[in-house]
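All remarks here apply to the structure that follows.
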Amino acid sequence: MLADYAVRVEESLGRRYLEPRHPYRNDFQRDRDRVIHARAFRRLEAKTQVFTRRYSDHFRNRLTHTIEVAQISRTIAAQLGLNVDLVEALALVHDIGHPPFGHVGEKALDAAMRRHGLFFDHNLHALRIVEDFELRYAAFRGLNLTFEVREGIIKHSRDYSSEQNPELAEYLLDQRPPLEAQLIDLTDEIAYNTADLDDGYEARLLSLDEIGAAVPVFARFYQEAERTWPDVAKKLRFNEALKRVLDHFVSDLIRHVAERLHEKRIRSLQDVRACPQRLAGFSPQVEEERKQAKEFLYSKLYLSPALEAEKGDAERVVCELFDFWLAKPEQLPMSYQQKAAQEPLARVICDYIAGMTDNFIYEQYKRHCGRKERSA
């Protein structure tokens with residue numbers, strides 16, 4: 001049963017190119033399936049989340065992170081009466097525009113673009129992927145996703161203005177996105193905050209004492225686990241505590257969104273869109289706990305000296321390859337050389353690099369720049 005404020009697939013604003021309806025899948029289910037079968041989705045398996053395989057192949061990559069976000073998102077959407085099919089499609093596509101090397105690669109690529117008066121935005125790049133780069137159908141370029149999925153790709157984590165982004169004017173930039181899209185940025189944070197604590201502890205870059213001192217919500221649940229299972233291994237108590245942290249964030253998000261919907265008297269999708277602020281969020285107490293976890297991860301994990309060498313490699317590889325193709329565009333694949341006749345060369349190079357996996361960009365670096373790199 002869908003809530004009155006949920007997106008209904010039968011009221012979708014449709015696809016850019018008309019297609020006959022499928023006999024047993026609705027349009028959002030078809031969008032989900034198109035994303036899963038896309039080349040860009042498959043490449044997420046070989047893109048860094050936080051740790052490269054130099055540490056271990058047990059840690060999350062961009063694909064396994066995406067699957068975790070989808071699982072959390074479906075659970076929350078079902079409890080709030082939202083359209084689970086749309087939420088799942090949005091969760092699966094939300095990271096499809098990320099370049100190799102995680103956020104370090106994104107930062108390096110953006111810096112390279114800004115030297116040419118341009119920029120890199122992974123949400124806008126994801127839209128380019130599903131609108132143009134994926135070539136699977138004879139009748140059109142891209143995946144021909146519904147308006148609601150395309151809107152969610154660009155609006156799930158931030159708002160854009162029609163003044164700064166006139167090319168996005170069709171996406172109702174003066175309105176809030178549906179709750180199905182608003183959820184994704186929050187479930188993304190739930191997934192990576194808890195997963196990165198797990199992977200950081202497993203990599204021995206974070207200690208139990210450090211986590212407990214800086215993340216009180218974890219300390220509270222770990223103490224409960226100690227009382228309940230005093231004789232099991234620390235890692236098992238750690239797992240139990242982290243599981244409870246995740247459930248704590250999820251339960252609070254469900255509860256707080258429901259409270260805000262009641263408080264704001266939200267009765268329809270149009271009410272959601274017309275609301276001056278986004279409705280999805282945590283309670284003040286849990287929002288503070290979320291910030292504590294995120295700040296700890298930034299200071300002790302993402303900025304850890306142990307990862308600095310890999311970050312330096314990533315920045316060097318992205319920047320030197322970018323400059324190489326700027327100087328020698330004839331070394332680009334022919335399809336990208338042809339695109340450079342219609343678009344700025346820097347944008348074409350950016351698109352090429354952004355689509356690469358960690359392994360492939362290292363291969364390209366070795367081939368064109370001829371310098372030894374660290375093993376991914």
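The values are calculated or read from the model by the stated rules, or taken from the named source; none is laboratory data. Just so you know, these numbers come straight off a predicted model, no measurement behind them. Neighbour counts run over all protein chains shown; Cβ positions are idealised from the backbone, glycine included.
Summary table
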quantity: Residue tally, condition in a helix (DSSP H, G or I), closer than 21 Å to ALA225 by Cα and out of contact with any Leu (no Cβ under 8 Å at 6 or more places or on another chain), over region 192-214; calculated: 9
quantity: Entirely in region 25-102, the helices (runs of 4 or more DSSP H) that have 1 or more residues that are of a type in the set (Lys, Arg) and crowded, with 17+ Cβ neighbours inside 10 Å; calculated: 27-36, 39-43, 62-80
quantity: Residue among ARG74, ARG15, ARG42, ARG32 that alone is out of contact with any helix residue (DSSP H, G or I) (no Cβ under 6 Å at 6 or more places or on another chain) and farther than 30 Å from LEU205 by Cα; calculated: ARG15
quantity: Any chance LEU261 is touching a Phe, Trp or Tyr at 6+ places or on another chain (Cβ under 7 Å), crowded, with 17+ Cβ neighbours inside 10 Å and touching a residue at least 40 places away in the same chain (Cβ under 8 Å); calculated: yes
quantity: Scan of region 143-180 for residues that are of a type in the set (A, V, I, L, M) and closer than 22 Å to HIS37 by Cβ, ordered by number; calculated: LEU143, LEU145, VAL149, ILE153, ILE154
quantity: Sole exception among (1) within 30 Å of LYS47 (Cβ to Cβ); (2) of a type in the set (A, V, I, L, M, F, W, C); (3) surrounded by 13 or more Cβ atoms within 10 Å (Cβ to Cβ) for ALA309, by number; calculated: (3)
quantity: Qualifying residue in region 356-368 (condition: surrounded by 12 or more Cβ atoms within 10 Å (Cβ to Cβ) and in contact with a Lys or Arg (Cβ under 7 Å, 6 or more places away or on another chain)); calculated: yes
quantity: Index of the failed condition, ALA225 passing every other in (1) in contact with a Lys or Arg (Cβ under 9 Å, 6 or more places away or on another chain); (2) at pLDDT below 95; (3) outside any loop (DSSP other than H, G, I, E, B); calculated: (2)
quantity: Residue within region 159-171 that is surrounded by 15 or more Cβ atoms within 10 Å (Cβ to Cβ), modelled with pLDDT of 95 or more, within 22 Å of ASN83 (Cβ to Cβ) and not basic (Lys, Arg) present; calculated: yes
quantity: Cβ-Cβ under 8 Å pairs, at least 6 apart or on other chains, region 336-353 side touching a residue at least 12 places away in the same chain (Cβ under 8 Å), far side of a type in the set (Gly, Ala, Ser) and loosely packed, with under 15 Cβ neighbours inside 10 Å; calculated: none
quantity: Selected residue [closer than 30 Å to GLU210 by Cα, in contact with a helix residue (DSSP H, G or I) (Cβ under 6 Å, 6 or more places away or on another chain) and of a type in the set (Ser, Thr, Tyr)] from SER283, SER299, SER304; calculated: SER283
quantity: Matching option when the condition is buried (at least 17 other Cβ atoms within 10 Å of the Cβ), closer than 29 Å to ALA77 by Cβ and hydroxyl-bearing (Ser, Thr, Tyr), among TYR137, TYR192, TYR222, TYR201; calculated: TYR192
quantity: Matching residues, region 157-191, being small (Gly, Ala, Ser), closer than 18 Å to HIS98 by Cα and part of a loop (DSSP other than H, G, I, E, B); calculated: SER157
quantity: Set GLU19, GLU10: member being surrounded by fewer than 17 Cβ atoms within 10 Å (Cβ to Cβ), touching a residue at least 40 places away in the same chain (Cβ under 8 Å) and of a type in the set (Asp, Glu); calculated: GLU19
quantity: Helices (runs of 4 or more DSSP H) wholly inside region 261-376 containing at least 3 residues that are more than 29 Å from LEU246 (Cα to Cα), at pLDDT below 95 and small (Gly, Ala, Ser); calculated: 305-327
quantity: Region 244-255, residues that are surrounded by 20 or more Cβ atoms within 10 Å (Cβ to Cβ) and within 10 Å of GLY281 (Cα to Cα); calculated: LEU253
quantity: Qualifying residue in region 141-156 (condition: of a type in the set (A, V, I, L, M), within 22 Å of ILE72 (Cα to Cα), at pLDDT 95 or above and assigned to a loop (DSSP other than H, G, I, E, B)); calculated: no
